[in-house]
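Trainee: Could you have a look at this structure, given as structure tokens, before my questions?
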Amino acid sequence: MSVNQDPQKNQHAIPSYLNADDIGAWGIFLQQVDRVAPYLGSLSRWIETLKRPKRILVVDVPVELDNGTIAHFEGYRVHHNVSRGPGKGGIRYHQDVNLSEVMALAGWMSVKNAAVNVPFGGAKGGIRIDPRKYSSKELERITRRYTSEIGLVIGPSNDIPAPDVGTTPQTMAWIMDTYSMNTGATSTGVVTGKPIYLGGSLGRVEATGRGVFTVASEAAREKNIDLQGARVAVQGFGNVGGTAARLFHEAGAKVVAVMDHTGQLYNDKGLDIYALLEHVQKTGGIKDFADADVISADEFWSTKTDFLVPAALENQINERVANMIDTKILVEGANGPTLPKGDDILKEKGIFVIPDVVANAGGVVVSYFEWVQDFSSFFWTEEEIHQRLVRIITDAYRSVSEVASRHQVSLRTAAFIVACERILEARQIRGLYP
Ligand code: NAD
């Protein structure tokens, strides 16, 4: 990889393949790594390792569409760091996917996997495509061609993809089948987040929401907030937000406000979460749900709550939104929902933020369980999965919280400290080859 080494020109060594004036999400990741460097002691001599993805593969994905034309899509797979184990991270199908974003998401996966101490490095992939515009048959051909192109770098011991925005258990099944056809052996462990019939794990679907609820409960315990009767707002009522809302509701909390791509709802007594989940299942969104008031987006963000769970998209909490937020604990279910300036304002306002790399790690933890179960061909009960998930997430939260108190830093910085120490320790002990 050729890099621009001119320190006068760039604070960081900007890879020549990114636009030096706007390096996008990767720039945010570099800033976060820089913020951690002073806490790493002698390990900081290895810090450049984190600022350079180990391996980047950009592939052309040509495919014949249903109407007979040939389309080409740009695909990526990035291994950010594999010092602690094989690469692990999702595959995103979205029209805005770009190399900088995939590099940053791979970097955040290295941090997340190390923060919760699962034995994986960080990887991520994606195709620049709006999947809603293509038929299922077209998506199957695109996925199979993309899998063949990245087949050079994925594998149960090298790099294990999983679903992300725009991809599903069905996408994982196509990847698993294509990889297995190309290698000549059925290889269930090459992806996680698979359907149960193909070696998927029980408990995977609700794992991320359960992790969100677990860290929120730990923080509530630390801060003496009673979950019984606590007020909760949730942005995004899909896999993560819907599950987290249900678990809060079952713990006696009141989910008073929700927002999704179809609008915002409020009920001061607490929404009937089971009925709302059923409504979303039937209609695709929260719109037109009876027994709630429709509110504006600004009213949603300003709702006074004990817990706010952004569980929709990235870049939601900018300066303006952060100024409106009135909550005690913000639990990042989504990846990257808070922009750095929003984060600063939340800090000034004394809002306790549980960062994505810990709060939404439940998904990758159960993906780890799935991978282990596939290797041993021995499957655990849902109860075992839940118990092990809660134990790992709780331990991770407590060690990050302890580092935050010791260094008097935010949980986000503390999570980076814990994770970067683990990654760079591994790097140092392995030593440089040759
Ligand atoms: P999902 O597709 O099931 O749900 C997304 C929700 O966001 C939907 O309710 C949708 O209506 C809502 N939404 C979309 N656009 C919106 C907008 N403009 N305004 C408000 N709401 C909007 O997705 P998910 O799996 O629940 O993922 C949500 C977030 O959690 C993503 O950031 C994802 O990367 C992250 N995440 C998911 C997992 C997982 O295991 N599913 C793991 C880690 C992180």
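Trainee: Modelling each spin label as a point 7 Å along the Cα-to-Cβ direction, I'd like the Leu198/Ser148 distance in nm, to one decimal.
Mentor: 1.7
Trainee: Here's a follow-up. Name the trypsin sites (Lys or Arg not before Pro) in the stretch 219-282 that are in a loop by DSSP and that have at most 12 other C-beta atoms within 10 Å, would you?
Mentor: Numbers: sites: Arg221, Lys223, Arg231, Arg246, Lys254, Lys269, Lys282; in loops: Lys223, Lys269.
For trypsin sites (Lys or Arg not before Pro) across the stretch 219-282 that sit outside H, G, I, E and B with at most 12 neighbouring Cβ atoms in 10 Å, the list reads Lys223, Lys269.
Trainee: Okay, next question. Relative contact order of the stretch 135-222: what whole-number percent is it, with Cα pairs under 8 angstrom and at least 6 residues apart? The partial results should precede the final answer.
Mentor: Numbers: 77 pairs, mean separation 21.8, N = 88.
Computed value for the stretch 135-222: 25 percent relative contact order.
Trainee: Modelled label-to-label distance, Gln408 and Val294, 7 Å Cα→beta-carbon offset: nm?
Mentor: Computed distance between label sites Gln408 and Val294 equals 5.0 nm.
Trainee: What FRET efficiency would be calculated for the residue pair Thr394, Leu57, taking the C-beta separation as r and a Förster radius of 35 Å, to the nearest 0.05?
Mentor: 0.45
Trainee: Oh, and also: Just to confirm, what accessible area per residue do you get for the stretch 286-356 at 1.4 Å probe, in whole Å²?
Mentor: 46
Trainee: Work out, step by step, the length gained on full extension between Leu432 and Ile70: first 0.36 nm times the residue separation, then minus their alpha carbon distance; give nm to one decimal.
Mentor: Contour length minus Cα-Cα distance gives 125.9 nm.
Trainee: Under 5 Å between amide hydrogens, which residues at least 5 positions from His80 or on another chain qualify, with H placed 1.01 Å from N in the peptide plane?
Mentor: Lys54, Gly122, Ala123, Lys124
Trainee: From Cα pairs below 8 angstrom and at least 6 apart in sequence, can you work out the relative contact order of the chain, rounded to a whole percent?
Mentor: Relative contact order here is 15 percent.
Trainee: Between Glu348 and Thr283, what is the spin-label point distance in nm, taking each point 7 Å from the Cα along the Cα→C-beta axis?
Mentor: 3.9
Trainee: Please report, as a whole percent, how much of the solvent-accessible surface of the chain comes from carbon and sulfur atoms (probe radius 1.4 Å). Each step should come with its number before you reach the end.
Mentor: Working: 9410 of 18810 Å².
Roughly 50 percent of what the probe reaches on the chain is carbon or sulfur.
Trainee: What FRET efficiency comes out for the pair Glu382/Ala20, r = Cβ-Cβ distance, R0 = 51 Å, nearest 0.05?
Mentor: Working: r = 49 Å, r/R0 = 0.97.
The value I calculate is 0.55.
Trainee: Largest first, how would Glu314, Glu402, Glu348, Glu278 line up by accessible area (1.4 Å probe)?
Mentor: Largest accessible area first, the list is Glu348, Glu278, Glu402, Glu314.
Trainee: Taking the Cβ-Cβ separation of Val372 and Glu319 as r and a Förster radius of 51 Å, what is the calculated FRET efficiency to the nearest 0.05?
Mentor: Plugging the Cβ-Cβ distance into 1/(1 + (r/R0)^6) gives 0.75.
Trainee: Next up: Skip the ligands, DNA and RNA, and give the accessible area per residue of the stretch 124-213 with a 1.4 Å probe, whole Å².
Mentor: Here the per-residue accessible area is 41 Å².
The values are calculated or read from the model by the stated rules, or taken from the named source; none is laboratory data. Predicted, not measured: the structure shown is a model, and the values here were computed from it. Please note: Cβ atoms are built from the backbone with ideal geometry, for glycine as well, and neighbour counts cover all protein chains shown. Quick note on the areas: whole protein, heavy atoms, side chains included, nothing else; ligands and nucleic acids left out. Shrake-Rupley method; radii C 1.70, N 1.55, O 1.52, S 1.80 Å.
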